[in-house]
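> Okay, here's the structure, questions in a sec.
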Amino acid sequence: MWTFLAMLLGITLFVGVFARRLFLTVVGLNKTEPEAVEADDDFEEDDKIRLKKGQRQEVNTLFEEAEKKINRGEEEEAIKIFVKILSIDPLHEASKERLALLYLQREAFSSAATLFESLAKLNDSPIHYSHWGIALYQQGDYENAKSAYIEALKLDNSRAQRYASLSQIYRALGQNYNAMVALNKAIEVQQENGGDIIPFWFLVADLQLEMGLVEASKSTLEGILIIDADNEEAKHMLSEISSKEV
């Protein structure tokens, strides 16, 4: 429905040794999350009160133009239009959200974080708290990223990928025990939702290796092969572990 969904799937949330696997798991799992929020009727009523008729018409026209720019892949032009809209109406939530997502896509993480913080506090949206956490993480602000994700989970704890993201933040903070607890919760939630748990088991295996729990990691990978005997990724990881043990 939204062009922005496709944008988000192209954003690498985390970097480093596990970037490829994290992209397949954390980012890929976000396909189930409605990243772009439908317009709020109450907000539209507030808009009518806040703006003069001429301003409202100008904002609506500009917003439609910006959406067309995005659909044509002209993100830079869309950004300029959204900035103009917010100069007319600083509380225009839809423009603020679109602009924040564009900043996130273009790795303008500080600007994205500022907008997502405003959005999150404006309507207590778990999605905005999650996006705020992503932007903070990318700036290396792990403590505040952790707080943002914890707040998102307080508002909606039904998304396994949020626990996986929180786990990676704990890893960045060197809190591997908390990271494992969060991953176990991700697996529990994913099972409850009837989703694929194998991507999360790969993250567990990675974390176990990082913690020096080699035998536990091998057991996790062997467990993956019990579920999916042809899983080449698990075979490759087991082979790498075995080669290092020789």
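No lab work stands behind these numbers, since they all come straight from the coordinates. Predicted model, so just to flag it, every value in this text is computed and none were measured. Note that we place each Cβ from the backbone using ideal geometry, even for glycine, and neighbour counts take in every protein chain shown.
> Normalised radius of gyration for region 201-246, please: alpha carbon Rg relative to 2.2 N^0.38 Å, two decimal places. Could the numbers behind the result be given before it?
Numbers: Rg = 9.7 Å, N = 46, 2.2 N^0.38 = 9.4 Å.
Computed over Cα atoms of region 201-246, the ratio equals 1.03.
> Order 201-207, 110-116 from most to least packed using the mean count of other Cβ atoms within 10 Å.
On the way: 201-207: 22.9, 110-116: 21.1.
In decreasing order of mean packing, 201-207, 110-116 become 201-207, 110-116.
> Starting with the highest mean, order 68-78, 151-161, 89-99 by the number of other Cβ atoms within 10 Å, averaged over the residues of each peptide. Show your work: numbers first, answer last.
On the way: 68-78: 14.7, 151-161: 18.3, 89-99: 20.4.
So the peptides 68-78, 151-161, 89-99, ranked by packing, come out 89-99, 151-161, 68-78.
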